[in-house]
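The block underneath contains the structure these notes are about, expressed in structure tokens.
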Amino acid sequence: MYHNEHQIMKAVYDHFYGQIDDNGVIPIDLRALSLVGTVQDDPFDCLIEQKLQQAFPELEVVRSGKLTPPDIIIRDKRTGIIVGVEVKKLIQKPNGADSRGLTMDYNSCLPCGTALIKMDNAIVDIPCYYMYALLSNDSSSIVTFILMHGDFINYDFNLYKKAKVANQTEYIPNRFQDASRRQGSESPGA
């Protein structure tokens with residue numbers, strides 16, 4: 001039983017830390033890219049969800065869905081404590097460097113230590129952590145792993161809420177593929 005979200009996330013961190021092999025990496029087995037349905041169907045997010053479900057049967061672990069932050073919601077089945085996890089991954093270049101030069105794309109959601117989620121018919125705020133993973137060039141291992149509270153990135157929940165309202169996602173199905181348009185982030189005709 002966990003008494004707060006920090007205990008849950010410490011257990012998550014300890015779980016991944018315990019998987020480091022003799023080469024100093026965390027081996028992973030990602031779903032083949034040929035089986036990926038859409039750009040937003042990230043096999044790494046699925047893998048993290050599965051690993052957490054297997055390691056922590058006392059926790060309910062669910063992915064939020066495409067373009068719905070945070071990526072993963074964790075709830076202690078006994079205490080009801082809930083925490084969100086936003087998963088961010090990069091794949092190394094062949095020379096071992098990160099592929100974005102130390103930058104990160106947050107897409108439709110400003111990072112924050114508190115996130116808004118919909119539960120039943122209510123919008124509630126929950127604590128949110130960020131999981132950063134740098135994958136090996138062949139995506140067979142995690143070479144760098146960081147799990148941190150979102151407040152270290154942005155502690156201004158009011159700014160987060162303003163950005164969330166200004167950047168809502170509207171799903172627009174078409175006959176070719178699922179598409180989405182983020183309101184407020186694109187100019188007309190973009």
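The values are calculated or read from the model by the stated rules, or taken from the named source; none is laboratory data. None of these values were measured; they are calculated from a predicted model. Ideal geometry is used to build each Cβ from the backbone, glycine not excepted, and the neighbour counts take in all protein chains shown.
Pairing each residue of segment 79-97 that is among the acidic types (Asp, Glu) with any residue that is in a strand (DSSP E or B) and surrounded by fewer than 20 Cβ atoms within 10 Å (Cβ to Cβ), provided the two are 6+ apart or on different chains, yields no C-beta distance under 9 Å.
Can you tell me how many residues within segment 61-74 are over 13 Å from ILE48 (Cα atoms), surrounded by fewer than 21 Cβ atoms within 10 Å (Cβ to Cβ) and touching a strand residue (DSSP E or B) at 6+ places or on another chain (Cβ under 7 Å)? Final tally of qualifying residues: 1.
Would you call LEU67 under 15 Å from LYS118 (Cβ atoms) and out of contact with any Pro (no Cβ under 8 Å at 6 or more places or on another chain)? Spelling it out, LEU67 is indeed under 15 Å from LYS118 (Cβ atoms) and out of contact with any Pro (no Cβ under 8 Å at 6 or more places or on another chain).
Can you pull out every residue in segment 145-160 that is surrounded by fewer than 16 Cβ atoms within 10 Å (Cβ to Cβ), within 28 Å of VAL25 (Cβ to Cβ) and not aliphatic (A, V, I, L, M)?
From segment 145-160, those surrounded by fewer than 16 Cβ atoms within 10 Å (Cβ to Cβ) are 146, 148, 152, 155-156, 158-159; that's our starting set.
From what's left, within 28 Å of VAL25 (Cβ to Cβ): 146, 148, 152.
Residue satisfying the conditions is PHE152 alone.
Among the residues here, LEU147 does not qualify as within 20 Å of the chain's Cα centre (by Cα), at pLDDT below 80 and either not acidic (Asp, Glu) or not in a loop (DSSP other than H, G, I, E, B) (or both).
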